[in-house]
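The values are calculated or read from the model by the stated rules, or taken from the named source; none is laboratory data. Just so we're clear, the structure is a prediction, and the values are computed from it rather than from any experiment. Positions of Cβ are generated from backbone atoms using ideal geometry, with glycine treated the same way; all protein chains shown enter the neighbour counts. Quick note on the areas: whole protein, heavy atoms, side chains included, nothing else; ligands and nucleic acids left out. Shrake-Rupley method; radii C 1.70, N 1.55, O 1.52, S 1.80 Å.
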Amino acid sequence: MNRIHILASGSKANAYIIEAENSMILIDQGLSFKEFSSRAEKLGIDIFRIKAILLTHEHEDHIKGVAYTAYKLDAPVFSTAQTLEILNENAKKPIHSRIVEKDRKIKLGAFEITPFGIMHDAVDPVGYLVSTPCGETVCFATDTGKITNRMMTYINQGTNIILEANHDPAMLYQNRKYPPVLKERIRGPYGHLSNDQSLEALDRMGENHPKTVIFSHLSEENNSPEMLKNLVIDFKKAHSLDFKAFIANQNNPKSILLS
């Protein structure tokens, strides 16, 4: 059974589990270990089956629970050298760290994983292309201000895509709580993708469209799931596409069956 489990997705915390052939890997862990365990239990997940933790970058909403989770599960943490350096500097427990290199494939149990560079204001952020033995591939591309041609080579390989749709530009512009410098950071090339940019990336795939798209990392302040849902419906109709679309949520964990 191949599944993606979304334990949290948004500006406050992020945690995703990919499952294949009774093995699991965790991508990011921004929840407390107690909350992470509770949400996993609600989804029927035995977290001690997690073989490794993949870290995309060092921001708090992705890294908060990584060190203690790795300690409790006795699981190694994989990421770029600079990201792991920051993780280890702040960790209270010893971490089994494994350095990954962009565009170089690694084997983890049932999975083949290739990290690739993304555009974000972190020291050395990455996305991941994860391949399973049955031929399913999951491309994980969140927390990026733009989609480069190099990123598209990996997105195009994804039969299933976890893609950021962080904000609606008009909602962000009208948000009086956010100072101009923060708005500029979010919509800049090293910030976060808008709904339109996310759909543009799918459009760039042409006929090579995926089976499943999970729109993730939605801002609770600057986006609307209902608005995004309607945009996706219109996009699918306009391009005659039939992929399954899901919108990830900050507080409501869900499991998605891939095959």
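Restricting attention to region 133-241, which GluC sites (Glu not before Pro) occupy a DSSP loop and are surrounded by at most 16 other Cβ atoms within 10 Å?
Values: sites: Glu136, Glu164, Glu184, Glu200, Glu207, Glu220, Glu221, Glu226; in loops: Glu136, Glu207, Glu220, Glu221.
Sites meeting the loop and neighbour criteria: Glu207, Glu220, Glu221.
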Span-like helix ranges in the chain, DSSP H, alpha carbon extent 18 angstrom or more, Kyte mean at least -1.0: 225-239
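With charges only on Cβ, +1 for K and R and -1 for D and E, what is the dipole size of region 1-103 about its Cα centre, in debye, rounded to 20?
Result for region 1-103 is approximately 340 debye, rounded to the nearest 20.
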Global geometry of region 79-156, whether rounded, prolate or oblate, following the gyration tensor of its Cα atoms and the 1.5 cut on a/c: oblate
Ser11 long-range amide H proximity, modeled H, under 5 Å: Glu220
For region 101-259, size of Cβ-based charge dipole, Lys and Arg +1, Asp and Glu -1, in debye: 80 debye
Karplus-derived HN-Hα couplings along region 153-160 (A = 6.51, B = -1.76, C = 1.60, θ = phi - 60°), whole Hz, x at Gly and Pro: 5, 7, 4, 5, 8, x, 6, 9
Accessible area of the chain belonging to carbon and sulfur atoms, whole % at 1.4 Å probe: 49 percent
Qualifying GluC sites (Glu not before Pro) for region 32-126 [loop in DSSP, other Cβ within 10 Å: at most 12]: Glu101
Karplus 3J(HN,Hα) series, Hz, for region 51-59 with 6.51 cos²θ - 1.76 cosθ + 1.60 (x for Gly, Pro): 8, 6, 10, 9, 10, 7, 6, 9, 5
Relative contact order of region 125-247, pairs being alpha-carbon contacts under 8 Å that are 6 or more residues apart, as %: 28 percent
Residue-normalised accessible area of the chain, expressed per residue, 1.4 Å probe, Å²: 45 Å²
Computed label-point distance, nm, for sites His239 and Asp203 using a 7 Å Cα→Cβ extension: 0.9 nm
Region 59-184, dipole about Cα centre (Lys/Arg Cβ +1, Asp/Glu Cβ -1), debye to the nearest 20: 140 debye
Listed residues Ala245, Ser219, Leu258: farthest to the positive end of the dipole of region 219-259 (Cβ charges): Leu258
For region 126-259: rounded, prolate or oblate by the Cα gyration tensor [a/c cutoff 1.5]: prolate
Helix-derived mean residue ellipticity, 222 nm - over the chain, DSSP H n ≥ 4, -39500 (n - 2.57), to 500: -8500 deg cm²/dmol
DSSP bridge pairs, the chain: antiparallel proportion in percent, nearest 5: 55 percent
Karplus 3J(HN,Hα) series, Hz, for region 25-30 with 6.51 cos²θ - 1.76 cosθ + 1.60 (x for Gly, Pro): 10, 10, 10, 6, 7, x
